[in-house]
Amino acid sequence: ATTLYGLLTQTRDRHADLDAISFQMFSGPKDPAETLSWAEFHGQVTQTANLFRSLGVGEDDTVAYILPNCLETAVTLIGGCVAGIANPINPLLEPEQISSILRETNAKVVVTLKAFPKTDLAQKVSEAVGYAPNVKTVLEVDLLRYLTGLKKFIVPLIRPKVESSHHAKVLDFNAERAKQPADRLTFADADTDRVAAYFHTGGTTGMPKVAQHKYSGMIYNGWIGHTILFTEKDNIICPLPLFHVFACHVILMAAIASGAHVIFPTPQGYRGDGVF
């Protein structure tokens, strides 16, 4: 495949009904999980890419996401790469660092968490967007839908309030995504190699920088994983965060190339209670 969407479509065509991605809000063996098949994942990526294009994101425009691990994070990464340039940002960073990256990458759209108990991510991102006037739209993911029982009723009552200090339009990610077609892209998937993702480095090889990743590099990582490690019969547990190149390029791309099933346990990954 030349493009990420082309690679995902090939896997969908080969393994449509097989499990693609699972996410568990909690780590217990009997805690509920949500799983997307390759056909469902392909459909949601298609909708997401169409959504980003409808918000003015072209091939040279950036979609940043500041999210914990969940199904929407994986969908946003791949949908962002298909529509434009995906820019994962570490949710543990402070507002000043987040806003600096948003300005550096000239992000037009930000996908982040709706205010939720026990996390201040929504508050931090709201502040950061206030210092990044290039951001036109903020799409919010609500983790409430992953809760069951009493928690599902309690969270809306204790959800923290966020004072918005920016001028970007705030929309519900899943509601807006659902308005888009899932069976086709509403734009041409240009059959050329291009930059598909910006990853902010930690500075282990010098000053922190924004590393550029092309389709060819991401597809090559997937091919490597499929060639030497994984097939559609494998299950991979990945508690690494989806703002990290290992989770995105090494694990998720290998799953997309091979049809393997990848499981993300809890929003905090390795830091999640009971994951180890």
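The values are calculated or read from the model by the stated rules, or taken from the named source; none is laboratory data. A quick note: this is a predicted structure, and the numbers were derived from the prediction, not measured. Using ideal geometry, Cβ is built from the backbone for each residue, glycine included, and neighbour counts are taken over all protein chains shown. Keep in mind that these areas ignore ligands, DNA and RNA; they rest on the heavy atoms of the full protein, side chains included. Shrake-Rupley method; radii C 1.70, N 1.55, O 1.52, S 1.80 Å.
I'd like the full set of residues that are open to solvent by less than 40 Å² (accessible area, probe 1.4 Å), free of Cβ contacts under 8 Å to residues at least 40 places away in the same chain and in a strand (DSSP E or B), limited to the stretch 190-219.
Ala211
Output the number of residues of the stretch 136-153 satisfying the condition of being surrounded by 12 or more Cβ atoms within 10 Å (Cβ to Cβ) and either in contact (Cβ under 8 Å) with a residue 12 or more places away in the chain or farther than 19 Å from Gln24 by Cα (or both).
Qualifying residue count for the region: 12.
Among the residues of the stretch 220-233, is there at least one that is open to solvent by less than 50 Å² (accessible area, probe 1.4 Å), closer than 21 Å to Glu40 by Cα and of a type outside the set (A, V, I, L, M, F, W, C)?
Yes: the stretch 220-233 contains one or more residues that are open to solvent by less than 50 Å² (accessible area, probe 1.4 Å), closer than 21 Å to Glu40 by Cα and of a type outside the set (A, V, I, L, M, F, W, C).
Among the residues of the stretch 71-95, which ones are within 8 Å of the chain's Cα centre (by Cα), farther than 15 Å from Met218 by Cα and of a type outside the set (Val, Ile, Thr)?
Leu71, Glu72
Filter the helices (runs of 4 or more DSSP H) completely within the stretch 1-116 down to those with at least 2 residues that are free of Cβ contacts under 8 Å to residues at least 40 places away in the same chain and among the polar types (S, T, N, Q).
Helices (runs of 4 or more DSSP H) meeting the threshold: 4-15, 95-105.
Would you confirm, using the coordinates I've provided, whether Ala122 is touching a strand residue (DSSP E or B) at 6+ places or on another chain (Cβ under 7 Å) and either open to solvent by less than 30 Å² (accessible area, probe 1.4 Å) or under 25 Å from Leu55 (Cβ atoms) (or both)?
For Ala122, the condition - touching a strand residue (DSSP E or B) at 6+ places or on another chain (Cβ under 7 Å) and either open to solvent by less than 30 Å² (accessible area, probe 1.4 Å) or under 25 Å from Leu55 (Cβ atoms) (or both) - is met.
Please tell me if Ala175 is farther than 24 Å from Pro91 by Cβ and either within 19 Å of the chain's Cα centre (by Cα) or part of a loop (DSSP other than H, G, I, E, B) (or both).
No.
Residues to consider are Ile237, Ile251; find the one that is closer than 25 Å to Ser37 by Cα, open to solvent by 80 Å² or more (accessible area, probe 1.4 Å) and either of a type in the set (A, V, I, L, M, F, W, C) or in contact (Cβ under 8 Å) with a residue 40 or more places away in the chain (or both). Explain how you work it out, then say what you get.
Details: Ile251 fails: open to solvent by 80 Å² or more (accessible area, probe 1.4 Å).
Among Ile237, Ile251, only Ile237 is closer than 25 Å to Ser37 by Cα, open to solvent by 80 Å² or more (accessible area, probe 1.4 Å) and either of a type in the set (A, V, I, L, M, F, W, C) or in contact (Cβ under 8 Å) with a residue 40 or more places away in the chain (or both).
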